[in-house]
Number of protein chains: 2
Amino acid sequence: MTQAAQIAGSVVSGPRPTTIVDAPRLSRRLGVDLVLASETLQYTGSFKFRAAYNVASNVQQAHIITASSGNFGQAIAFACSLFDKRCTVVMPATAPKIKVDAVREYGAEVDLVDVKKKGRLERLGELARQFPSAYGLATELFALGLDLDFIIAPIGGGGLTSGLVKAVERSGRKTQVIAAEPLLSNDAAESFRAGHLVSLPDESTTIADGARVLRLGDRNWEILSHGLAAVIEVTEDQIKEGVRLLFTLANLKAEPTGALALGAVLAEPARFTGKRVCCVISGGNADPALYAQLIEDI
Amino acid sequence: MTQAAQIAGSVVSGPRPTTIVDAPRLSRRLGVDLVLASETLQYTGSFKFRAAYNVASNVQQAHIITASSGNFGQAIAFACSLFDKRCTVVMPATAPKIKVDAVREYGAEVDLVDVKKKGRLERLGELARQFPSAYGLATELFALGLDLDFIIAPIGGGGLTSGLVKAVERSGRKTQVIAAEPLLSNDAAESFRAGHLVSLPDESTTIADGARVLRLGDRNWEILSHGLAAVIEVTEDQIKEGVRLLFTLANLKAEPTGALALGAVLAEPARFTGKRVCCVISGGNADPALYAQLIEDI
């Protein structure tokens, strides 16, 4: 183990359980019976650590190379440090500085590239997909005895939502899984409308940087096209309002991508009124300057 | 039960366990083997709910009147709503608007008063003191198997730290309890230097609004004067840096009072280097405009 692992004291023996926050003020404000499953306190600040830990602990390679908008990069960098593996992360030049810095701080090398014309998924490789992670998250929710009408989670490449769909199916529950997608980067919604996988021509500039992907993964689409109840397109204003509500009424620091699920409730309030809803707050690695801007006028 | 309790879905059956965050990046940055015991996700956003719940569930009165700088007010207001009791909270006119609003939102009446010349503690009554709460927090920490050299917690009236001292004493452990106090409101530090209870002449303007008290409670002083290992005086800059570090390296939204314990580590780094330290992050109800100001230049 490296210094990072040792100094954390207790050995990092795997992902930490999701943090359940039942926020009465937020529930009352929205008229929804809401619980939050927050991965903002997960190691490296997002649910991506779940997959990254599996990758680093299972693959034989001494040097792992991957690509990421930031959160998977931080996650794999830290996971590699726990297993004494060398790590290189290819990141878009547009990634928030705070995420680039964090990847470096966890001991990985960073390779910044222009992603205007090329989707990240093409370069990502298959590593993360071989090690499903969201499945564990849903299983945790059910183990807590939460009887949910809806689970809403953000969608980028589709790994989180497809994992949730599979977990719900195997549980035999009637919980509906809903994907929350930025309207500005709505390839999943377009795919559902078209009935086949649609790619966006260019990477979006949505504030939800974790969802700036051109298309779903093929295997994820197979699962989602049958198992997802809906894709809700969330405007930039609704994403921002989601960040603010999490700050004021739930004391949660979420990054914009992490607030997408709550934004989906704001986008379609009638669907959720009086229902038992779990919003997955997928990550908390917000850029400080951007975050300050979002909350200063609350 | 009122609407607030019902809409929260699962019945609120008591305080939620503290949220343990072992933040590897923060540990590494400080050179301390650090865990955070965060009460920012406690009901009503601070550890004060622990006492408030005990009060509301145990007293016979149908109408509870109390005084608070804000966090106890929110806590007792919500606790009273759970038990269908009427609640009036006397608050200083200088309390953050967000806390005043929250008290009202939880269904209590608010009575704003000028506290320039009068300490809040004189008016607070004995309600909260009859129902110790911090004891449970320390017991939770020990139950998790955390073998700590230090527990650092903010000090205002002294309820939290005296509860921690008692819990450590009964556990037979050698953990040292340390109080973190704003230098601008250092009545506890002055009391330790004098060897007797010292009152400040005027309420301080420290950014840590939860620690703006004139003096410790008498019973708390009895416990603390023998059981506390030290009081560390924390400058305003160190409090602010604590808020920033919790934001960037632990994804925690803490209010300034909640960041006092981390500020104490910044104030006396040599004391804690390489030690196993738990910082109690007592609350997260930060004013948005102030918080935005604190983080915008990170």
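The values are calculated or read from the model by the stated rules, or taken from the named source; none is laboratory data. Please read all numbers here as calculations on a predicted model, not as lab measurements. As a convention, Cβ positions derive from the backbone with ideal geometry for all residues, glycine included, and neighbour counts pool all protein chains shown. Heads up: the accessible areas ignore ligands, DNA and RNA and are worked out on the full protein's heavy atoms, side chains in. Shrake-Rupley method; radii C 1.70, N 1.55, O 1.52, S 1.80 Å.
For this structure, a couple of remarks:
- Here the condition is being modelled with pLDDT of 90 or more and open to solvent by less than 60 Å² (accessible area, probe 1.4 Å); of A:Gly172, A:Gly136, A:Gly156, it holds for A:Gly156 alone.
- Inter-residue pairs, beta-carbon under 9 Å, first within 15 Å of B:Glu181 (Cβ to Cβ) and in the stretch B:267-280, second hydroxyl-bearing (Ser, Thr, Tyr) and open to solvent by 30 Å² or more (accessible area, probe 1.4 Å), 6+ apart: B:Ala267/B:Thr235
- Of all residues in the stretch B:275-293, those that are out of contact with any Asp or Glu (no Cβ under 7 Å at 6 or more places or on another chain) and open to solvent by 10 Å² or more (accessible area, probe 1.4 Å) total 3.
- The stretch A:230-255 - residue that is away from every other protein chain (no Cβ under 14 Å) and in a helix (DSSP H, G or I) and, of those, farthest from A:Val32 (Cα to Cα): A:Glu236
- In the stretch B:212-239, residue modelled with the lowest pLDDT [restricted to those that are among the basic types (Lys, Arg) and surrounded by 18 or more Cβ atoms within 10 Å (Cβ to Cβ)]: B:Arg212
- Residue list for the stretch B:103-116, filter: out of contact with any strand residue (DSSP E or B) (no Cβ under 8 Å at 6 or more places or on another chain) and modelled with pLDDT under 90: B:Lys116
- Restricting the stretch A:26-42 to residues that are open to solvent by less than 20 Å² (accessible area, probe 1.4 Å) and assigned to a helix (DSSP H, G or I), the residue that is nearest to the other protein chains (Cβ to nearest Cβ): A:Ser27
- Filtered residues of the stretch B:46-75 (kept if among the hydrophobic types (A, V, I, L, M, F, W, C) and assigned to a strand (DSSP E or B)): B:Ile64, B:Ile65, B:Ala67
- Residues (of a type in the set (Gly, Ala, Ser) and surrounded by fewer than 24 Cβ atoms within 10 Å (Cβ to Cβ)) located in the stretch B:43-60: B:Ser57
- Subset of the stretch B:81-102 that is away from chain A (no Cβ under 14 Å) and open to solvent by less than 10 Å² (accessible area, probe 1.4 Å) - its residue that is farthest from B:Gln61 (Cα to Cα): B:Pro92
- Test for B:Asp209: is it open to solvent by 10 Å² or more (accessible area, probe 1.4 Å), away from chain A (no Cβ under 14 Å) and touching a Pro at 6+ places or on another chain (Cβ under 7 Å): yes
- Residues of the stretch A:270-298 classified as in a helix (DSSP H, G or I) and either aliphatic (A, V, I, L, M) or under 25 Å from A:Leu137 (Cβ atoms) (or both), total: 9
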